[in-house]
1. Just grab the label-to-label distance for Phe59 and His104, each label 7 Å out from Cα along the Cβ direction, in nm (one decimal).
2. Out of residues 5 or more away from His25 or on other chains, whose amide H comes under 5 Å of its own, with H placed 1.01 Å from N in the peptide plane?
3. Using a Gaussian network for the chain with springs between C-alpha atoms less than 10 Å apart, which of these wobbles most: Leu158, Leu141, Leu54?
4. Along the charge dipole of the chain, which of Ile68, Phe20, Pro122 sits closest to the positive end, that is, farthest toward it, with unit charges on the beta carbon of Lys, Arg, Asp and Glu (+1, +1, -1, -1)?
5. Based on DSSP loop calls and a cut-off of at most 12 other Cβ atoms within 10 Å, the longest stretch of the chain free of exposed trypsin sites (Lys or Arg not before Pro) is what?
6. For Thr8 and Met30, calculate 0.36 nm times their separation in residues minus their Cα-Cα distance, and state this gained length in nm to one decimal.
7. Taking DSSP loops as anything outside H, G, I, E and B, show the longest stretch in the chain free of chymotrypsin sites (Phe, Trp or Tyr not before Pro) there with at most 10 other beta carbons within 10 Å.
8. In the chain, what is the count of Lys pairs whose alpha carbons are under 29 Å apart, counting only pairs at least 8 residues apart or on separate chains?
Amino acid sequence: MSRPRAVTLRFLAEPGHVNFGGKVHGGAVMKWIDQAGYTCAAGWTGEYCVTLYLGGLHFIHPIRVGEIVELRSLVIHTGRTSLHIAIDIYARDPKTPRRTRTGHCVVVFVALDEDGRPKPVPRWVPVTDTDRALEAYALRLIELRKLMDSELESHLALLDQSTADSVSFSG
């Protein structure tokens, strides 16, 4: 069975998507990211998938109401039960073919079985130099995420201790 590694979704930026600055709200873009990522992850795995992590989200250029927003999602790494999806975001005026890259991120999804437990995913093997570079990028993001999580935990532990030390009980 051939599994689709890439999915492109398109949306029209509508007036209801506008923030107070007159551009498309970042929350609307994040919803589209999740939808594009899920569509790609579910297509690759053939399973229901949930978002585990979204990292490296960069809003490069604003999106204006009336533009066509295109989200290109691509499997760039598979683990045992998870997969990394790179998502590039583009926008363009529907009257012109020229599009602008407006954002990028990587989303990690986990496939779930009928009982809601993580389920193994089909392996993706990089073939081209570009594929290998994208997978190396995903692997580097895993390392950085572990480092950030560890650092956050140590800071939270200090905060928890500091809060505990400052609480006094009268008896």
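Only the coordinates and a few stated rules stand behind these numbers; no lab work does. All values derive from a computational prediction rather than experimental measurement. Glycine also receives a Cβ, built like all others from the backbone with ideal geometry; neighbour counts cover every protein chain displayed.
1. 1.9 nm
2. Amide H neighbours of His25, under 5 Å, 5+ apart: Val18, Asn19.
3. Leu158
4. Comparing the listed Cα positions along the dipole, Ile68 ranks first.
5. 1-79
6. So the chain would gain 6.4 nm between Thr8 and Met30.
7. The segment 21-168 is the longest one with no such site.
8. 6
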